[in-house]
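Heads up: the structure comes next, in structure tokens.
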Amino acid sequence: MITYKDSGVDIDKGNRLVDRIKELTKDLSKDGIVSSIGGFSALFSLEHFGSDLILSSATDGVGTKLIVAQMADKHDTVGIDLVAMNVNDIITSGTVPIFFLDYIAYSKLEDSVLSDIVKGIVDGLKMSNASLIGGETAQMPDIYKDGEYDLAGFCVGIAKPEDLIKNDISENDVVIGISSNGFHSNGYSLLRKLFFDVAGYKIDSMLENKKTVAEVLLEPTNIYVSVFKKLKQYTKAAVHITGGGFYENIPRVLSNKFDVVIEKNSLPSVDIFKIAQDIGKIPDDEMYRTFNMGVGFVIVIDEKDKDVVTEIIDNNGFESYVMGYVKNGSGSVEIV
């Protein structure tokens, strides 16, 4: 059995760091802060500047999926991942992404590689209806080997206070999942260990689903901005399923007052997750704590809106899953 921690990623350590950051920053100015550390995006009020608008902000990278891109010498999709990891966090608050900045760090790269990276970023921003307003390119010999690079992104969104999603969920609310596009940009330290070290695949090896390892692992992250715009009026809480899977992300909207029960048989059966699980003999709980398992975004809605919400999702290029329900509790996720 192989776990995410075995591949070098300790989720619990990351959670402890978040708690430590909260402690270290407790004496900083709070003027304007509506919500900060711990949410999918931080909210800041412009009231002190004479406006009733709320800004949201998020920052993220692509992680070790970049190593797979470098192995495959394919760099035109990781920019989409970079945008997706940020804008999908932004929309969970009910804000709309408006602009984006990128950071590209490397030692020595071909111009065509840099161009492909930026092309992906632009493609992602087109899907998000957001602008690229700046960034930084840092050439750092000795930090990176030739051909290696890292990416980071930063996004700002905006909304009126009345348009924010308040996470005002109730017992018996319905939990709806929106389909992912594969592994998205999480769990790649474990995936690389599974596919390359344990299974011994090459980057161009053909898998049983008739796709190469590169095709499966470099499928870009879904961007949910456009479909969520149509779903927002029905949404009581929204969750971007990223690192930590269901167990770490869904509790962030439960306020320690509710639990969510997820029914396994309501979730999609996606072959690539099964392939990964079989290679590492990974238990179900570890899979649901590491990967999105075919569901990249989750919303909580009133039961009466279930049919209209699933219809919107299914008619806008995604698949919907009525995956569970809310009950009174203490902020945990139960998968049955």
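How would the stretch 86-206 be classified by its alpha-carbon gyration tensor: rounded, prolate or oblate, with rounded meaning a/c under 1.5 and the a/b versus b/c comparison settling the rest?
Numbers: a/c = 2.68, a/b = 1.36, b/c = 1.97.
Oblate shape, in that a/c is at least 1.5 and b/c is the bigger or equal ratio.
Between the stretch 189-248 and the stretch 84-135, how far is it from one alpha carbon centroid to the other, in angstrom? So the separation of the two Cα centres works out to 18 Å. The modelled label-to-label distance for the pair GLU162/ILE67, using points 7 Å beyond Cα in the direction of Cβ, is 5.1 nm. Cross-link reach is defined here as a Cα-Cα straight distance under 18 Å, omitting same-chain residues fewer than 8 places apart; for LYS229 the aspartates and glutamates meeting it are ASP89, GLU162, ASP163, ASP302, ASP305, ASP307, GLU311, ASP314, GLU319.
Specify whether the C-alpha gyration tensor of the chain places it in the rounded, prolate or oblate class, a ≥ b ≥ c being the square roots of the eigenvalues: rounded for a/c under 1.5, otherwise prolate if a/b is larger than b/c and oblate if not.
On the way: a/c = 1.55, a/b = 1.15, b/c = 1.36.
Since a/c reaches 1.5 but b/c is at least a/b, the shape of the chain is classed as oblate.
Straight-distance candidates among the lysines for linking to LYS74, with alpha-carbon spacing under 26 Å and chain neighbours fewer than 8 residues away dropped: LYS65, LYS108, LYS119, LYS126, LYS145, LYS193, LYS202, LYS210, LYS211, LYS274. Working from label points 7 Å from Cα in the Cα-to-Cβ sense, the GLN139 to SER170 distance is 6.1 nm. Taking trypsin sites (Lys or Arg not before Pro) in DSSP loop conformation with at most 14 other Cβ atoms inside 10 Å as exposed sites, the chain has its longest uninterrupted site-free stretch at 31-107.
When the chain is treated as a GNM with alpha-carbon contacts under 10 Å, the residue of SER41, SER57, SER226 showing the greatest mean-square fluctuation is SER226. Sequentially through the stretch 224-235, phi angles give Karplus couplings (6.51, -1.76, 1.60; θ = phi - 60°) of 9, 4, 5, 5, 5, 4, 7, 8, 4, 5, 9, 8 Hz, Gly and Pro residues having no value and appearing as x.
Taking amide H atoms as placed 1.01 Å from N in the peptide plane, the amide H of ILE98 lies under 5 Å from those of VAL156, GLY157, ILE158, each 5 or more residues away in sequence or on another chain.
For the chain, the longest piece that avoids every one of the GluC sites (Glu not before Pro) found in DSSP loops with at most 16 other C-beta atoms within 10 Å covers 1-109. Between amide H atoms placed 1.01 Å from N, distances below 5 Å from SER320 occur with ASP314, all of them 5 or more places distant or on a separate chain.
So if each residue of separation counts as 0.36 nm, and I subtract the Cα-Cα distance between GLU311 and MET206, what length gain in nm does that give? Walk me through the numbers before you get to the answer.
Values: separation 105, 0.36 × 105 = 37.80 nm, distance 3.52 nm.
So the extension gain works out to 34.3 nm.
Among the helices of the chain (complete DSSP H runs), which have Cα atoms covering no less than 24 Å along the helix axis and a Kyte-Doolittle mean of at least -0.5? Provide the component values of the computation, followed by the final result.
On the way: long enough: 111-128 (26 Å, 0.53).
Once both thresholds are applied, what remains is 111-128.
Quick note: the coordinates plus some simple rules give every number you see, no bench work behind them. A quick note: this is a predicted structure, and the numbers were derived from the prediction, not measured. In this analysis, Cβ positions are derived from the backbone assuming ideal geometry, glycine residues included, and neighbour counts consider all displayed protein chains.
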